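Worksheet for the structure shown next.
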Amino acid sequence: METLMVDRVHSSLRLFMHRNAVFLCERLCAQFPSETNVQLLATCYLHNNQPYAAYHILKGKKMPESRYLFATSCFRMNLLREAEETLCPVNEPNMEVPSGATGHYLLGVIYRCTGRISAAAEQFTQALTLDPLLWAAYEELCILGIAEDTDECFSESTALRLQQEHTSTSTLVKSNFANENRVLSSRVSASLGDISPKQIKQLHANNIAEVSGYPHVRPTALHVQNSSTSNVAQFDTPSPTAAQTSSIMPPPLFRNVHAYQNTVSGDAPTKQKTNGVNQPLRRKNIDEARLKKVSGRLFNSDSIPRRSERLKDTATNSNSNTSQFGGNGAGHSSGKLRVNSSTPSKLCSTAIRSMQVRKGKPRATENFDEGSRYEVIDEMWTDNISGISSSVSATDGRSFEQDKAERILLQDSKLALGIRELLGLFRTLGEGFRLSCLFKCQEALEVYRKLPESQFNTGWVLCQVGKAYFELVDYLEADRYFELAHRLSPCTLDGMDIYSTVLYHLNEEMRLSYLAQELISIDRLSPQAWCAVGNCFALRKDHETALKNFQRSVQLDSRFAYAHTLCGHEYSALEDYENSIKFYRCALQVDERHYNAWYGLGVVYLRQEKFEFAEHHFRRAFQINPRSSVLMCYLGMALHSLKRDEEALEMMEKAIAADKKNPLPKYQKALILLGLMKYEEALDELERLKEIAPHESSMFALMGKIYKQLNILDKAVFCFGIALDLKPPAADLAIIKSAMEKVHLPDELMEDDL
């Protein structure tokens, strides 16, 4: 009963019937309250999104698996301290972390959530050492910015170790399977001890007579029964055609199966009243004569294939649910095994294996007398593959040992090739992701292009390519790859928050609105969907509504750093700098390397004219992403505000070199040169800026001010006029008009408004 219930629970979990699994497992624990069954119940609760229930039943358990499940429950309930104490008790520092690599990974996530980055990195590295294919651990190391090169992590030595581990695991499984077969064999042998071979032969003779007398009738074997189930296994033999029965006598049914069926059911056949002394010998002679007669008919016929050829065909066509058995002619009827879903697994496997093995035996071994009963039963449990292979080997003139060695070598070579191919794929994907996390986006793109087309055209890879272009401020290319990823995998929501930001920067209001509605229709409880909705309202300058949607995203996932940052941006747009700083700091608590939050804090302090704080936060962001032209530019602005013009000018040069299409560092460089009274150099820089952004009103206003300083008044008035024609923002409009009116006044009477 316990085995059956456990099997049903696992089946329900596999079929995602979590409520049914919980119900069955609760009954199981009530009847058999072992800690292993409690672990299974906790697993059901976790699958059913009930971590509190798993927490309650596992509290105080000491087995490693119980500790891991309890820690998982605590983590889902945000009880991080209790989860850590469960995985790594303070009073028992030498206790191993349960569940191996996954346990170390969970402990690393807990350390990262509590801000202990070095300890988290150590746990992720340990998890990756135990299981090199644990991608999540390598991904976390990349996010922390401390992942090692993929050539070292997924090296040739790793492939050899994986091959050895897989080989040892396979050997252990085969050993356990053989032990199980020996146990089952001894049990069946003991159960057959109370049944005489006479009874089995009599039952077999009745079946032969029935089939021989009525060849058009479909004979059915006995049903396997026990005290708790009925109709467990049934063998239906289809009726042979007239052409098949005309030349070949139907062979007898499988005798050992009948013996086992009657043994299990406890229903022995009726004894024949014959001479007990002469019966075994007489039956033996009859069987031998019948064997010779049938064998001669079979092997002397040219129209009938040899037994070895039929064995090859039968071996390739057999599977775990149907098994054809017994036959010395091409026209004999076949049998099928039907297994009821309520059958215990061991009983089913017993019946199946017995039929498969007997199929490969010659007829001479089917004599079932008292002197050879136990030997035949032992042979009945021989491995099916070994039996078939030995028959084929005898035909081909090769020994079984040679065939087995060749098979093992072939399997090992296939395994080694598969491991190397998988590690090669991990090397490419891992290197691309590692470079992306280090914001070496151009190098990451080159690595991703090395992937085969089948791997490149997947949602995850295309989103990573889109993110790389987003960091390179190439929004058109980012849009192209994100759109392709969304088309190929429309239900993948990871990365759609960045996609919505790309559409925000491109001012694609209609497409952004459509994307937001589509994501909400797919999953209303995903934080990415509400980020897209918030970006849609932010594009319309409805900052309050946008803020509500970003806060909804934070409520759905408090560990979603980008949602915290977007909330900070909206508060900053509303000039609520206190709340803006609060959300930026929350984002940094989730992910210390989230440079967008450091940048946001720098902008807030720059607007508050706290230039030292601004310079500190911009520099922290620049250390994380040293290739961002925007961060270099803002850092230079903070340095310029601190009167460190030479450093600011150097930083602007780097920003221009990093992204020649970015107009902001060119404009800021002209401002710094103006402050240094290098007017000609400033004008040259603005002329180059005009080629990139010819419709920027602030650029023409600055050019007008420089011409005023050079006393070229007609050009100054001309530039101020163009700036007004380009419809500047309302805040700049009054300043430009005032400067234009005072263009003929002396410099000391002009206000330094521009």
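Quick one: plug the Kirkwood hydrodynamic radius of region 1-167 (C-alpha pairs) into Stokes-Einstein at 25 °C, 0.890 mPa s, and report D in µm²/s.
141 µm²/s
Roughly how many Å² of residue 530 are accessible to a 1.4 Å probe, to the nearest 10?
Using a 1.4 Å probe on the heavy atoms, I get roughly 40 Å².
Each residue of region 620-626 in order: what ³J(HN,Hα) in whole Hz does its phi give by Karplus 6.51 cos²θ - 1.76 cosθ + 1.60, θ = phi - 60°, with x for Gly and Pro?
Result, rounded to whole Hz: 4, 5, 5, 5, 6, 10, x.
Within the set of other residues whose C-beta is less than 14 Å from the C-beta of residue 512, count the net charge using Lys and Arg as +1 and Asp and Glu as -1.
Charge balance near residue 512 sits at -4.
For region 553-613, which GluC sites (Glu not before Pro) are in a loop by DSSP, counting at most 11 other Cβ atoms within 10 Å?
Within region 553-613, the qualifying GluC sites (Glu not before Pro) (loop, at most 11 other Cβ atoms within 10 Å) are 575, 609.
What list of whole percents do you get for P(r) of region 699-747, with Cα-Cα distances grouped in 5 Å bins up to the one holding the largest distance?
With a bin width of 5 Å, the distribution comes to 5, 27, 37, 21, 9, 2.
Could you please state how large a percent of the accessible area of region 611-658 is carbon and sulfur, counting protein chains only and using a 1.4 Å probe?
The computed percentage sits at 53.
For region 26-41, take each phi angle, set θ = phi - 60°, evaluate the Karplus expression 6.51 cos²θ - 1.76 cosθ + 1.60, and give the result in whole Hz per residue in order, putting x for glycine and proline.
5, 5, 4, 5, 5, 7, 10, x, 8, 5, 5, 5, 5, 4, 5, 5
Once phi is turned into θ = phi - 60°, what whole-Hz ³J(HN,Hα) does the Karplus curve with 6.51, -1.76 and 1.60 give for every residue of region 477-489, x standing for Gly and Pro?
5, 4, 4, 4, 6, 5, 5, 5, 5, 5, 6, 6, 9
Order the peptides 142-152, 33-43 from the highest to the lowest mean number of other Cβ atoms within 10 Å of their residues.
Ranking, from highest mean packing down: 33-43, 142-152.
Can you give the relative contact order of region 576-627 as a percent, counting alpha carbon pairs under 8 Å and 6+ residues apart?
32 percent
Viscosity 0.692 mPa s, temperature 37 °C: give me the Stokes-Einstein translational D for region 617-694 in µm²/s, with Rh taken as the Kirkwood radius over C-alpha pairs.
The estimated diffusion coefficient comes to 267 µm²/s.
Among the listed pairs 440/661; 705/742; 610/661, give every one whose C-alpha distance is greater than 21 Å.
Going by Cα-Cα distance, 610/661 fall outside the 21 Å limit.
In Å, what Kirkwood hydrodynamic radius results for region 634-754 from the alpha-carbon pair distances?
About 14.6 Å for region 634-754.
The values are calculated or read from the model by the stated rules, or taken from the named source; none is laboratory data. Everything numeric here is computed off the predicted structure, so don't read it as measured data. Quick reminder, even Gly has a Cβ in these numbers, built from the backbone with ideal geometry, and neighbours come from all protein chains shown. Note: areas computed on protein heavy atoms with side chains; ligands, DNA, RNA excluded. Shrake-Rupley method; radii C 1.70, N 1.55, O 1.52, S 1.80 Å.
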